[in-house]
Amino acid sequence: MGIEQDLKQEKFSDEYEKMVVNILFTGSWLANLNATRLKPFGITPEQYNVLRILRGSHPKPMMLADITCRMIDRNSNATRLVEKLRQKNLVNREVCGSNRRQVDISVTGAGLDVLGKIDEGRDNWLENLKAIPKAEVKELNNMLDKLRG
């Protein structure tokens, strides 16, 4: 089944338009799958992204600007995301002792536990994507990197 059948559209202006529509449609499909897998853990994909970034820095805390520049969706409101995660006791926010204008953000033990539980389902989650052989996945990654230039 191709994008034409998925969208019930017989033709596109050219292959470039078809590529753009296909990437956007596929991105939306993946985003919905991702949101569905994270829902049982009570977090959104954007919150998951923040937790993963903080885990990568753990045990060293990060500043909000550093988190923001590493996010997949840089238009997300990182301040709001961090506050929601703080309310769930998944991250800590502390004023830096040496610079009162700086706020240090770190993942908590509970946050690491949630990430660990999500990681347990990683293979099952990725199984949906293994219809593409690894060599083609590498090629696709290279093409997407090239597209973004």
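The values are calculated or read from the model by the stated rules, or taken from the named source; none is laboratory data. This is a predicted model, so every value here is computed, not measured. Here the Cβ positions follow ideal geometry from the backbone for every residue, glycine too, while neighbour counts run over all protein chains shown.
Details
- Selection within segment 56-79 - within 24 Å of residue 27 (Cβ to Cβ) and in a loop (DSSP other than H, G, I, E, B): 69, 70, 71, 72, 73, 74, 75, 76, 77
To keep it simple, each residue is scored yes or no on (1) modelled with pLDDT under 95; (2) over 22 Å from residue 76 (Cα atoms); (3) under 19 Å from the mean Cα position of the chain (by Cα).
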site: 3; (1), (2), (3): yes, yes, no
site: 10; (1), (2), (3): yes, yes, no
site: 18; (1), (2), (3): yes, yes, no
site: 22; (1), (2), (3): yes, yes, no
site: 29; (1), (2), (3): yes, no, yes
site: 33; (1), (2), (3): yes, no, yes
site: 42; (1), (2), (3): no, no, yes
site: 47; (1), (2), (3): no, no, yes
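- From the options 20, 82, residue that is touching a Lys or Arg at 6+ places or on another chain (Cβ under 8 Å), in a helix (DSSP H, G or I) and surrounded by 11 or more Cβ atoms within 10 Å (Cβ to Cβ): 82
- Residue within segment 37-55 that is out of contact with any strand residue (DSSP E or B) (no Cβ under 8 Å at 6 or more places or on another chain), of a type in the set (Ser, Thr, Tyr), farther than 16 Å from residue 112 by Cα and assigned by TED's automatic domain parsing to the domain that holds residue 122 present: no
- Subset of segment 30-55 [surrounded by fewer than 12 Cβ atoms within 10 Å (Cβ to Cβ) and either assigned to a helix (DSSP H, G or I) or touching a Ser or Thr at 6+ places or on another chain (Cβ under 7 Å) (or both)]: 32, 36, 39, 40
- In segment 86-100, the residues that are closer than 14 Å to residue 62 by Cα and at pLDDT 75 or above form Cβ pairs under 9 Å with partners that are part of a loop (DSSP other than H, G, I, E, B) and of a type in the set (Lys, Arg), at six or more places apart or across chains, as follows: 95/101.
- In the set 140, 126, 112, only one residue is in contact (Cβ under 8 Å) with a residue 24 or more places away in the chain, among the hydrophobic types (A, V, I, L, M, F, W, C) and part of a helix (DSSP H, G or I); that residue is 112.
- Only one of the listed residues (129, 115) is of a type outside the set (Val, Ile, Thr), surrounded by 11 or more Cβ atoms within 10 Å (Cβ to Cβ) and within 19 Å of the chain's Cα centre (by Cα). That residue is 115.
- For segment 53-64, the count of residues that are touching a residue at least 24 places away in the same chain (Cβ under 8 Å), within 18 Å of residue 102 (Cβ to Cβ) and within 12 Å of the chain's Cα centre (by Cα) is zero.
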